[in-house]
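Novice: Structure provided below as structure tokens; questions to follow.
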Amino acid sequence: LGLKSVAEGVEDKQTWQYLASLGCDMCQGYFSAAPMPEHELSHWHKQWKAQVSGLYMMAS
């Protein structure tokens, strides 16, 4: 069906790695980001994109 799955409540890297190994596509929870005020979201997003692109570059 081409659907994506999202795991909610992921709190640590070990849990996320396990879920990803089972085929989960995305996560939501303290592992990816703690709750934050709206004005901090843009800065967090820039850091997250840089971190994720670095992981993809290492895997290539």
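The values are calculated or read from the model by the stated rules, or taken from the named source; none is laboratory data. Predicted, not measured: the structure shown is a model, and the values here were computed from it. Cβ placement follows ideal geometry from the backbone for every residue including glycine, while neighbour counts extend to all protein chains displayed. Each accessible area value is taken on the protein alone, full model and side chains, heavy atoms only, with ligands, DNA and RNA left out. Shrake-Rupley method; radii C 1.70, N 1.55, O 1.52, S 1.80 Å.
Novice: Take every Cα pair under 8 Å in the chain that's 6+ residues apart, average their separations, divide by the length, and report that relative contact order as a whole percent.
Specialist: Taking the mean separation of contacting Cα pairs over the length of the chain, I get 31 percent.
Novice: If amide H atoms are built 1.01 Å from N in the plane of the peptide, which residues on other chains or at least 5 residues away come under 5 Å of the amide H of C27?
Specialist: For C27, whose amide H was placed from the backbone, the distant partners under 5 Å are A7.
Novice: Same structure again: Largest first, what is the accessible-area ranking of M36, M26 with a 1.4 Å probe?
Specialist: Final ranking, largest accessible area leading: M26, M36.
Novice: Now, a different point. Rolling a 1.4 Å sphere over the protein heavy atoms, what is the accessible area per residue of the chain, to the nearest Å²?
Specialist: For the chain, the solvent-accessible area averages 87 Å² per residue.
Novice: Modelled label-to-label distance, V52 and C24, 7 Å Cα→beta-carbon offset: nm?
Specialist: 1.6 nm
Novice: With the Cα gyration tensor of the chain giving a ≥ b ≥ c as the square roots of its eigenvalues, does the rule (a/c under 1.5 for rounded; else a/b larger than b/c for prolate; else oblate) give rounded, prolate or oblate?
Specialist: Oblate, since a/c reaches 1.5 and b/c is not below a/b.
Novice: At a Förster distance of 30 Å, what's the computed FRET efficiency of E40 paired with L3, Cβ-Cβ distance as r, to 0.05?
Specialist: The value I calculate is 0.45.
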